[in-house]
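Written below as structure tokens is the structure these notes are about.
The values are calculated or read from the model by the stated rules, or taken from the named source; none is laboratory data. Here the structure is a predicted model, which is why all the values come from computation and not from measurement. Note that we place each Cβ from the backbone using ideal geometry, even for glycine, and neighbour counts take in every protein chain shown. Heads up: the accessible areas ignore ligands, DNA and RNA and are worked out on the full protein's heavy atoms, side chains in. Shrake-Rupley method; radii C 1.70, N 1.55, O 1.52, S 1.80 Å.
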Amino acid sequence: MSYKDEIKADNLPLHIAIIMDGNGRWAKQRGNQRIFGHKNGVAAVRDTVEAAAELGIKYLTLYAFSTENWSRPKMEVDALMTLLVSTIHKETSTLMKNNVQLNAIGNLSNLPPDVEKQLKASIANTSTNTGTTLTLALSYSSRWEILEAISQIAKEIEDGKLHSGDITYDTVSKHLTTANMPDPELLIRTSGEYRISNFLLWQIAYAELHFTNTLWPDFRRDDLYKAIIDFQKRERRFGKTSEQVINKN
Ligand code: IPE
Ligand code: IPE
Ligand code: MG
């Protein structure tokens, strides 16, 4: 039996988020420059997106570049930005073939103009696709996003559009970059690191976490299936007791 056959179709995570980590180490193991690892990470993205689309996963969010990643050596940042443009350009046909709609979150105005332009073009080209929504987190960090939300909410109060007493969880969620998406139910991190690195802090309040030692360039559909199988074995209690969950009360 293949891993795919072990997945129960009636208990798929609605939203899967992935911290794609380990490209640099993968390249180093092969005596290569870090960018070689990033280039080889593209095949992992393609396979993961196709597998998620085939399974009918509604939302897939990939952490591709963090706010903090701007502090890397300029040569690596420049190479990553060039790779982003060419990958988004080349892979748009893969997205079309798989009925995937592209979306992006993060401080996109900080991206080089050619990256922003290509991103917007691919988002527009895939906008009528109805399958999986693929969100790339680019120049993204959760604290940046929460700070932006707080500023917007404060401005609405100042302008008399909102009363401080009326702020709910929903108010906050609606001011985040993920406003139109459900929260991730499964968060995967590759490369054996056990941290969140400023990713979707508000949204993963009740996500199931799956860590794997696999380095991102080696990640393939079977690794995604294994993570989903692991997710389906978890009892999600949301603060209740196991008995309550079983008896559904
Ligand atoms: C993840 O791989 C890709 C990005 C953060 C852009 P890394 O580049 O972080 O690889 P490691 O963690 O150094 O191996
Ligand atoms: C997290 O990976 C960011 C992305 C995967 C884009 P990092 O490699 O930047 O995270 P740290 O520095 O190990 O926490
Ligand atoms: Mg890393």
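Quick notes
- Count - residues of region 136-154 that are out of contact with any Leu (no Cβ under 7 Å at 6 or more places or on another chain) and either crowded, with 19+ Cβ neighbours inside 10 Å or over 23 Å from Lys174 (Cα atoms) (or both): 2
- Test: residue in region 208-215 that is assigned to a helix (DSSP H, G or I) and open to solvent by 80 Å² or more (accessible area, probe 1.4 Å): no
- Tally, over region 179-229, of residues that are closer than 18 Å to Ile105 by Cβ, among the β-branched types (Val, Ile, Thr) and either away from ligand 2 (no atom under 16 Å from the Cβ) or modelled with pLDDT under 95 (or both): 0
- So Thr87, is it closer than 27 Å to Arg25 by Cα, in a strand (DSSP E or B), more than 16 Å from ligand 3 (Cβ to nearest atom) and out of contact with any Gly (no Cβ under 8 Å at 6 or more places or on another chain): no
- Residue under evaluation Leu95, criteria (1) more than 16 Å from ligand 3 (Cβ to nearest atom); (2) in contact with a strand residue (DSSP E or B) (Cβ under 9 Å, 6 or more places away or on another chain); (3) open to solvent by 70 Å² or more (accessible area, probe 1.4 Å), criterion not met: (3)
- Total residues in region 1-40 satisfying the condition of being out of contact with any strand residue (DSSP E or B) (no Cβ under 6 Å at 6 or more places or on another chain), within 16 Å of ligand 1 (Cβ to nearest atom) and outside any loop (DSSP other than H, G, I, E, B): the figure is 14.
- Single match in Glu235, Glu193, Glu243 (criterion: part of a helix (DSSP H, G or I) and surrounded by fewer than 17 Cβ atoms within 10 Å (Cβ to Cβ)): Glu243
- Taking region 57-81 as the range and being within 11 Å of ligand 2 (Cβ to nearest atom) and part of a loop (DSSP other than H, G, I, E, B) as the test, only Arg72 passes.
- Any chance Glu6 is more than 17 Å from Ala79 (Cβ to Cβ) and out of contact with any Ser or Thr (no Cβ under 9 Å at 6 or more places or on another chain): yes
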